[in-house]
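The values are calculated or read from the model by the stated rules, or taken from the named source; none is laboratory data. On a predicted model such as this, the values are computed, not experimentally measured, just so you know. Heads up, the Cβs are rebuilt from the backbone with ideal geometry, glycines too, and the neighbour counts pull from every protein chain shown.
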Amino acid sequence: MRFSVRHETLYRYATPVTLAAHRLRLTPRGDGGRLLLRALVIEPEPAAIVEQEDAHGNVLTLVEFGGATDLLRIDSQFEMETQAPVPLAGGAVPLLPWALPDAALAPYLEQPDPGAAVRAFAQSMADVARGEAPVFLDKLTETLFARTDRRIRDTGYAQSPEDTLLRAVGACRDLAVLFIACCRLMGLPARFVSGYQARAESVDGKRHLHAWPEAFLPGIGWRGYDPTHGTRVSDGHVALCAAPGQAETMPVEGGYYGALTGSELSYRVEIVAEE
């Protein structure tokens with residue numbers, strides 16, 4: 001599938017401020033396809049821009065500024081040709097729960113206790129799947145899609161897994177965090193992914209940055225699931241960033257120096273996806 005994405009982020013400040021260094025996570029990951037075109041326009045013009053890869057394989061754009069400004073505009077555009085993952089082969093994955101010794105996967109298993117309700121729910125999904133990890137992941141995706149009233153929430157971190165499960169209401173990031181918690185309870189490494197998806201359905205009719213979880217299957221690697229749409233992740237998704245938690249996937253991270261002042265955030269996402 002060919003994706004064309006434009007994502008514009010605009011901060012307006014009530015009085016001029018001096019911008020601190022910013023981290024941008026707006027460049028698609030290289031493991032999802034072939035990047036055809038990339039453009040990034042930043043206003044005010046940065047004093048320095050450096051790209052580097054973080055510990056999780058994401059491209060970070062580090063930006064430094066000079067002087068005072070009453071706005072920060074980031075206009076990110078790219079075109080990408082995505083590829084569908086190779087179909088899963090049956091019988092190649094051990095039964096749940098797992099106790100994986102690989103230290104490199106430890107960050108994708110650590111979590112505080114998500115609560116009795118989440119533990120019981122995760123176990124019920126494992127029981128239905130008879131311990132088969134690929135079936136567990138599909139059942140978890142389908143069940144969360146069927147049971148949850150999905151909402152748009154423009155700002156803020158994900159709510160707790162227990163809140164999402166018990167209230168049965170959440171945004172895409174809330175479903176991703178609940179999915180990840182269930183996986184980790186079964187010893188299945190999981191991570192948070194931010195990016196874009198081709199399907200246009202949303203309750204407000206607009207396009208937004210999307211979030212979904214990925215799980216690690218031995219001998220296969222990372223595979224994505226989208227409980228917001230009740231489907232596996234295929235070539236209809238473009239990942240920008242993947243990390244153990246949401247905090248390390250924020251698309252724009254930074255601040256400003258000076259007296260506290262009012263600020264306003266707005267954004268616009270345009271996506272065209274063609275087979």
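A few points about this structure:
- Scanning region 218-251 for residues that are of a type in the set (A, V, I, L, M) and surrounded by 18 or more Cβ atoms within 10 Å (Cβ to Cβ) yields Val233, Val238, Ala239, Leu240, Ala242, Ala243.
- Residue within region 255-263 that is touching a helix residue (DSSP H, G or I) at 6+ places or on another chain (Cβ under 8 Å), closer than 28 Å to Gly57 by Cβ and in contact (Cβ under 8 Å) with a residue 60 or more places away in the chain present: no
- Taking the listed residues Ala99, Ala103, Ala120, Ala92, the one that is exposed (fewer than 13 other Cβ atoms within 10 Å of the Cβ) and closer than 25 Å to Glu248 by Cα is Ala103, with no other qualifying.
- Within region 15-33, considering residues that are surrounded by fewer than 18 Cβ atoms within 10 Å (Cβ to Cβ) and touching a Ser or Thr at 6+ places or on another chain (Cβ under 7 Å), the one nearest to Gln52 (Cα to Cα): Pro16
- Tally, over region 36-55, of residues that are out of contact with any Ser or Thr (no Cβ under 8 Å at 6 or more places or on another chain), surrounded by 16 or more Cβ atoms within 10 Å (Cβ to Cβ) and in contact (Cβ under 8 Å) with a residue 24 or more places away in the chain: 1
- The listed residue being hydroxyl-bearing (Ser, Thr, Tyr) and over 22 Å from Ala68 (Cα atoms), out of Ser234, Ser263: Ser234
- Unique match (being touching a Leu at 6+ places or on another chain (Cβ under 8 Å), among the small types (Gly, Ala, Ser) and farther than 18 Å from Pro85 by Cα) among Gly254, Gly262, Gly258, Gly245: Gly254
- If you check Leu166, Leu175, Leu140 for being farther than 19 Å from Pro244 by Cβ, touching a helix residue (DSSP H, G or I) at 6+ places or on another chain (Cβ under 8 Å) and among the aliphatic types (A, V, I, L, M), only one passes: Leu166.
One line per residue, one yes/no per condition, for (1) touching a Gly at 6+ places or on another chain (Cβ under 9 Å); (2) at pLDDT 95 or above; (3) not assigned by TED's automatic domain parsing to the domain that holds Leu188:
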{"position": "Tyr108", "(1), (2), (3)": "no, yes, no"}
{"position": "Asp113", "(1), (2), (3)": "no, yes, no"}
{"position": "Arg119", "(1), (2), (3)": "no, yes, no"}
{"position": "Gln123", "(1), (2), (3)": "no, yes, no"}
{"position": "Ala129", "(1), (2), (3)": "no, yes, no"}
{"position": "Lys139", "(1), (2), (3)": "no, yes, no"}
{"position": "Phe145", "(1), (2), (3)": "yes, yes, no"}
{"position": "Arg150", "(1), (2), (3)": "yes, no, no"}
{"position": "Thr155", "(1), (2), (3)": "no, no, no"}
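- Hits in region 234-275 (condition: outside any strand (DSSP E or B), farther than 25 Å from Ala158 by Cβ and hydrophobic (A, V, I, L, M, F, W, C)): Ala259, Leu260
- Here Pro218 clears all of (1) without any contact (Cβ under 8 Å) to a residue 40 or more places away in the chain; (2) assigned by TED's automatic domain parsing to the domain that holds Ala146 except the condition numbered (1).
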